[in-house]
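The block underneath contains the structure these notes are about, expressed in structure tokens.
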Amino acid sequence: MIGEVFDNVYTEAGSRLTHNVQTTLVPPGGATIVEFRAEAPGEFSFVDHAIFRATQKGALGTLRVAGEKVAAIFEGADGPMGH
């Protein structure tokens, strides 16, 4: 997921667990399990970091998350754009 930090990553979909991972390897013919919590609804993209495969071979996808908009995330006064 672009811009996401995964809460849990199970390397090669096994029992080896790491936490708070931003990018993980999915080997050819392999699998990886990631867990994270979306803080807001929306469409989130995920890509293969070999950009050629993402743009020319279709190694990309979209995860659609439903739910209530959380105004504090985007409109909070405590963030970097607050007054």
The number of residues in region 36-83 that are more than 18 Å from the chain's Cα centre (by Cα), in a loop (DSSP other than H, G, I, E, B) and modelled with pLDDT under 80 is 9
Within region 16-35, the residues that are modelled with pLDDT of 85 or more, assigned to a loop (DSSP other than H, G, I, E, B) and either assigned by TED's automatic domain parsing to the domain that holds Lys69 or not basic (Lys, Arg) (or both) are Gln22, Thr23, Thr24, Gly29, Gly30, Ala31, Thr32
All but one of (1) exposed (fewer than 14 other Cβ atoms within 10 Å of the Cβ); (2) touching a Ser or Thr at 6+ places or on another chain (Cβ under 9 Å) hold for Gly42; state the number of the condition that does not hold. (2)
Given (1) at negative phi; (2) modelled with pLDDT of 90 or more, where does Ala13 come up short, assuming only one miss? (1)
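The values are calculated or read from the model by the stated rules, or taken from the named source; none is laboratory data. From a predicted model like this one, the values you see are computed outputs, not experimental measurements. A quick note on method: Cβ atoms are made from the backbone with ideal geometry, for glycine too, and the neighbour counts reach across all protein chains shown.
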